[in-house]
1. Within the stretch 191-223, which residues are among the acidic types (Asp, Glu) and either in contact (Cβ under 8 Å) with a residue 60 or more places away in the chain or buried (at least 21 other Cβ atoms within 10 Å of the Cβ) (or both)?
2. Of all residues being modelled with pLDDT under 85, in a strand (DSSP E or B) and not charged (D, E, K, R) in the stretch 569-585, which is farthest from Asp110 (Cα to Cα)? Just the residue, please.
3. Hey, any hits in the stretch 240-253 for a residue that's more than 30 Å from Phe535 (Cα to Cα), more than 27 Å from the chain's Cα centre (by Cα), of a type in the set (Phe, Trp, Tyr) and outside any loop (DSSP other than H, G, I, E, B)?
4. Would you pick out the residues in the stretch 138-193 that are in a loop (DSSP other than H, G, I, E, B), among the hydrophobic types (A, V, I, L, M, F, W, C) and either within 17 Å of the chain's Cα centre (by Cα) or under 21 Å from Asp208 (Cβ atoms) (or both)?
5. Exactly one of these conditions fails for Ala258: (1) among the hydrophobic types (A, V, I, L, M, F, W, C); (2) in contact with a strand residue (DSSP E or B) (Cβ under 7 Å, 6 or more places away or on another chain); (3) part of a helix (DSSP H, G or I). Give me its number.
6. Inspect the stretch 299-308 for any residue being farther than 18 Å from Gly249 by Cα, in the same structural domain as Val231 (by TED's automatic domain parsing) and among the hydrophobic types (A, V, I, L, M, F, W, C) and give the result as yes or no.
7. Name every residue in the stretch 451-486 that is under 17 Å from Lys441 (Cα atoms) and either surrounded by fewer than 16 Cβ atoms within 10 Å (Cβ to Cβ) or of a type in the set (Asp, Glu) (or both), in order of residue number.
8. For the stretch 60-77, which positions are over 8 Å from His101 (Cβ atoms) and assigned to a strand (DSSP E or B)?
Amino acid sequence: MEVGLDCFQSNDESNSSRNLYGDGMVKKDSFLSAVLLLLWCQSLFAQVKYTQTVVSYNVLNYRGTSVADNDREDDFRLVISETDPDLIVAQELENTTGYTHFLNDVLNHDEAGRYEGASFSDQSNTDIDIALYFRSGVYRVISTGTVNTTSSWGHRDAVEFVVRHLPSDQELRLYGVHLKAGSSASNAADRQSEASKLRAYLNDLEADSHFLVLGDFNVYDGDEAGFQRLVESQDDNDGRLFDPINQIGAWHNNSSFASIHTQATRATFGGMDDRFDFILASEAVLNASSVNFVEDSYTAFGNDGTRCCNEAINSGTNGVVSANVADALHDASDHLPVVMKIEFIGAEASDHTIVINEIMKDPSAVSDASGEWFELYNAGETAVDLCGWTLKDNDNDEFIITCDDSFVIAAGEYVVLAPNGDSASNGGLSVNYTYIYGSFKLANANDEIILIDASGGEADRVEYDTSFPDPTGASMALTDPSADNSDGANWNVSTLVYGAGDKGTPGQNNSGITVTTSKPLPKEFELHQNYPNPFNAITTVPFTMAERGEVHVSIFNLHGKEMAVLMSGSARAGEQRVKWDASQFSSGLYICRLEVTGKSITRKLLLLK
């Protein structure tokens, strides 16, 4: 994760003092350019880059139940550890059994819960399937489905995975493919048919969509018709794909492409002589946008360019990986994984303390269109102007708070936002801001409310699901504005009646809760959530002590190993903060533990690089 802060840097020293005429007047065009540059740079300050690793890997008929597969699992674990993927699309998993074993016995073997799998499509035409796995807590799968590219037995449809990168709130589409294998003319014709159908589907996507097509293409030459259907210019180029490294040619048995060959790792399978495996990208991914290809990051992992042609990946000395890794690549599969990095561009976290505190999603006294509402609370010590802020969900609902002058929420106060500001028809509700119902609706089941400040930073988010209360005719309200509102256990059903008979506390303290602007000390001690979270490199961990005492604040990995000590010694009463510099640690979930006089509290921290 990087913040763009270098927009004023220049190598042109001649411009440093040449903006003035001899009479001391600022040139009009230069002044305007400077203003525009300043505005552009201010937008960069609010941007954060999240670098993520994408891997495509043909895992060679893996089912996970045979002795041979069990023997390969150690090799797969080493390869995964070395490539460290955030997203991995695997081919040749033998139906649901292979999908489950690869998740549990390979990806999560050393660290339970590190990865999750998208919904699995067990294709009826084949026993070797395609799956997506992703790093837990970093992505949300929006949808999974197949793209019908073939009806022939033994052939594979493409599989579409639509995911959202949670820290940046950016969407990416991945298409896992495994085109027909074989060197005959009929095999090439099958690949052409499959690729043509996939290209037609991709052409129907919205212009400038961010997508990757990755997998085992089984093509021998860049001129092959199946490959050309994917990369050629057509009347509709919304679905056109590009090779991120622009290395298109006659790959088979050609030493000019030795460094990007991916098959076969074993001499008994023909040795390294083909570029069968690819990650191809849409134009939007290759251009400067919200999801970007990282230059010089595309590799055929473990290929040092000296294997062509027909040598095993572990013959002799490998110049880019250790002998152990080369052996693992040889023994795990006949294909090398393809590795590529992408950047998701997101807004820097907001420093405002506005909390989504109460939600009425299913009123009874009036219709949803008339009586829905939600409440914001200012948990900070200063007033905040909400003018220009955005409310949205993970789909298409969105509105911007517009105002002639300002829309201020004072410290310790509440505001109610609703689609209907008429108390005579909205159930007796007093509303502070009215929006259009069609632009933002609260689903009665799963939905989201995401609050973005005027500079683009995310101030708060609630994603309610079946773990949250599901009342009808009553709001759900936080047990306390300081509680974690992402946890359904911290929400209650309101019991106080207002207006026409529905229950809630719009614009005031929630049922049974007394809020003060100065927080009382805890009975013993509290460990608060770190911020920012997720974070890159440095985060702040706040905790509160009821009285002076000896404390030990430390970081553990998911295996229970202590990785760092943030503080060990005497701490005064009140709230304190310690920082963790995790620049030397790898991405993942960590546990922070605060220990006081033999008792402890823990919190989860998510490090993303």
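1. Just the residues of the stretch 191-223 that are among the acidic types (Asp, Glu), to begin with: 194, 204, 206, 208, 216, 221, 223.
Across the stretch 191-223, the qualifying residues are Glu194, Asp208, Asp216.
2. Keep residues of the stretch 569-585 that are modelled with pLDDT under 85, which gives 569-577.
With in a strand (DSSP E or B) added as a condition, the list becomes 569-571, 574-577.
Checking the rest, the ones that are also not charged (D, E, K, R) come to 569-571, 574, 576.
Working: Gly569: 33, Ser570: 36, Ala571: 36, Gly574: 39, Gln576: 34 Å.
Here the residue is Gly574.
3. Looking for residues that are more than 30 Å from Phe535 (Cα to Cα), more than 27 Å from the chain's Cα centre (by Cα), of a type in the set (Phe, Trp, Tyr) and outside any loop (DSSP other than H, G, I, E, B), one finds none in the stretch 240-253, hence no.
4. We begin by selecting, within the stretch 138-193, every residue in a loop (DSSP other than H, G, I, E, B); these are 138, 148-157, 166-169, 179-184.
In the following step, the residues that additionally are among the hydrophobic types (A, V, I, L, M, F, W, C) were identified as 138, 153, 166, 179, 181.
Of everything in the stretch 138-193, those that are in a loop (DSSP other than H, G, I, E, B), among the hydrophobic types (A, V, I, L, M, F, W, C) and either within 17 Å of the chain's Cα centre (by Cα) or under 21 Å from Asp208 (Cβ atoms) (or both) turn out to be Val138, Leu166.
5. (2)
6. yes
7. Scanning the stretch 451-486 gives Glu463, Asp465, Asp470, Thr472.
8. Correct list: Leu60, Asn61.
The values are calculated or read from the model by the stated rules, or taken from the named source; none is laboratory data. Remember, predicted model here, so these are calculated numbers, not experimental data. Neighbour counts are summed over all protein chains in view; Cβ atoms, including those assigned to glycine, are modelled from backbone coordinates with ideal geometry.
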